[in-house]
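*Asks:* Please read through the structure below; I'll follow up with questions.
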Amino acid sequence: MFPDAALPVPASLMTLLAVFSPLFTAPSFRTFAMLACGFLAQPGKRTVCGMLTGAGLSRLWPHDRAHCFFSRARWNPDDLGIAVARLVIALLAGGGEPVEVLIDDTLFRRRGKRVWAASWFHDGSAQGPAKTGYGNNWVVLAVRVRLPMVSRPVAVPAMAKLVIKGTSSASRLWLARRMVTRLARELPGRQVHVTADSAYAGEELKELPDGVTWTTRLRSNAALHDLPPERTGKRGRPRKKGGRLPSLAKIAAAAAFSQATVTRYGRTETIAAAAFTCLWYSVTGTAPVTVILIRDESKTGYDLALVTTEKNPDLAQVIERYAARWAIEVAIEDAKQLFGTGQARNRTARAVERTIPFMLACQAIAVCWYATAGYSPADTAARRLDAPWYTGKTEPSTADMTAKLRRVIIAAKFKPSSPDQPKPEEIHAIRLAWEDAEDLAA
């Protein structure tokens with residue numbers, strides 16, 4: 001399919017890559033497919049030239065071809081993200097079931113003043129008390145799925161938006177709401193449940209599209225109000241909100257908690273929960289929200305407060321959904337540590353804004369490939385044989401998935417296209433062997 005490529009693409013992987021062909025011109029799609037294979041096959045640095053080397057094209061293609069793909073080629077990273085999300089939902093999410101979306105942001109560290117949109121941002125993984133770092137900050141949208149071979153919830157990154165200070169893109173919530181709105185528009189009639197941490201709560205939630213719910217952690221000092229009272233029939237504008245509610249601590253002290261059984265963090269346990277409906281007027285406006293107070297370890301008060309815009313929610317499902325938010329943290333860690341996302345040294349605006357979405361798309365393709373074509377029950381047993389100290393290993397990890405895909409890509413390079421016909425280099429090797437044998441006989 002790629003006659004000038006030194007790295008043939010396995011058919012199972014090419015089936016997934018072909019989904020993205022409408023997003024590119026024919027030459028750009030050729031480059032996209034080869035760079036994606038090089039990115040997934042490369043065990044070393046995933047720089048732009050590293051992808052070219054991983055694809056076995058460093059001697060065939062000029063490196064400008066790879067760099068131009070990110071800096072000047074005609075394609076849109078937002079369209080790529082939507083295509084990735086649709087692929088993940090079609091292959092890994094149940095048909096017709098609500099789509100569960102996770103939102104978080106992360107910092108990819110960079111150096112140099114010429115790197116587009118690089119600045120100082122909060123970095124929770126930074127060493128020391130400052131928790132800051134210099135680089136590009138990205139808001140990531142992931143689709144949470146259940147894989148049959150993995151017991152834990154899995155977040156598959158699909159879309160990403162760059163935080164740019166001094167513009168409207170400086171707001172992470174603004175970027176997140178735009179991505180969710182675009183995704184919901186591409187999934188008409190499909191319910192979308194969004195879960196994020198407390199940083200993703202603000203006035204942007206007043207503009208959520210129909211069919212989208214938003215669940216987040218509620219701040220302890222949130223200004224909550226009763227629902228607006230019934231109209232009295234008197235002249236004047238009706239009230240939009242009721243009286244101010246007391247603090248969450250006082251509400252919890254007077255609330256009637258009930259037992260709920262939830263499965264979270266790999267354990268099924270019984271907790272105490274209480275819920276009430278109110279207005280979070282400064283954030284969601286006149287749309288009612290449900291506040292869930294969770295009493296996990298404390299005997300009085302509450303340990304965690306959640307808020308959701310879902311109407312008449314199932315409390316256990318909302319609690320489990322928020323606990324599964326941790327899956328996006330794992331996905332981002334895998335992106336950095338296993339896939340090498342962020343190692344490219346691009347500096348110009350278009351290149352910076354495209355490289356991370358491309359790399360996250362490759363990660364999503366790898367997970368989709370393993371779930372649909374690559375999984376074998378023998379994978380875990382083989383891993384235990386190679387590392388016998390992992391006595392408790394019962395299911396494949398993301399590292400196992402990427403390792404198997406890398407082996408399949410590399411094996412395709414050495415698989416003979418016609419096994420019955422020896423290649424010229426094989427004939428030459430046999431001829432040399434015969435010459436050596438004749439010399440020994442003499």
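*Asks:* Mind checking which residues of segment 188-203 are crowded, with 17+ Cβ neighbours inside 10 Å, among the aliphatic types (A, V, I, L, M) and closer than 15 Å to Leu141 by Cβ?
*Replies:* Val192, Val194, Ala196
*Asks:* If Thr270 satisfies all but one of (1) closer than 24 Å to Pro228 by Cβ; (2) under 31 Å from the mean Cα position of the chain (by Cα), what's the number of the condition it fails?
*Replies:* With respect to (1) closer than 24 Å to Pro228 by Cβ; (2) under 31 Å from the mean Cα position of the chain (by Cα), Thr270 is out only on (1).
*Asks:* Follow-up question, since we're still on this one. Go through segment 332-354 and give me each residue that's polar (S, T, N, Q) and either open to solvent by 10 Å² or more (accessible area, probe 1.4 Å) or over 20 Å from Leu35 (Cα atoms) (or both).
*Replies:* Result: Gln337, Gln343, Asn346, Thr348.
*Asks:* Could you run through segment 130-154 and say how many residues are more than 17 Å from Trp120 (Cα to Cα), open to solvent by 10 Å² or more (accessible area, probe 1.4 Å), in a strand (DSSP E or B) and not charged (D, E, K, R)?
*Replies:* Selection size over segment 130-154: 1.
*Asks:* Taking only segment 306-331 into account, find how many residues are within 20 Å of the chain's Cα centre (by Cα) and open to solvent by 20 Å² or more (accessible area, probe 1.4 Å).
*Replies:* Here the count works out to 6.
*Asks:* With the requirement that a residue be touching a Leu at 6+ places or on another chain (Cβ under 7 Å), more than 21 Å from Val283 (Cα to Cα) and hydroxyl-bearing (Ser, Thr, Tyr), what does segment 295-331 give you?
*Replies:* The answer is Tyr302, and nothing else.
*Asks:* Here is a follow-up. What are the residues in segment 48-90 that are in a loop (DSSP other than H, G, I, E, B) and either open to solvent by 40 Å² or more (accessible area, probe 1.4 Å) or of a type in the set (Lys, Arg) (or both), if any?
*Replies:* The answer is Ser58, Arg59, Leu60, Pro62, Arg72, Arg74, Asn76.
*Asks:* Moving on to the next point. Taking only pairs six or more apart or across chains, which ones have beta-carbon atoms under 7 Å, a first residue in segment 19-44 that is touching a residue at least 60 places away in the same chain (Cβ under 8 Å), and a second residue that is among the charged types (D, E, K, R) and not in a helix (DSSP H, G or I)?
*Replies:* Phe39/Arg46
*Asks:* Does at least one position in segment 387-397 carry a residue that is at pLDDT below 95 and surrounded by 19 or more Cβ atoms within 10 Å (Cβ to Cβ)?
*Replies:* yes
The values are calculated or read from the model by the stated rules, or taken from the named source; none is laboratory data. All values reported here derive from a predicted model rather than from experimental measurement. Counting neighbours? That spans all protein chains shown, and the Cβs are built from the backbone with ideal geometry, glycine included. Each accessible area value is taken on the protein alone, full model and side chains, heavy atoms only, with ligands, DNA and RNA left out. Shrake-Rupley method; radii C 1.70, N 1.55, O 1.52, S 1.80 Å.
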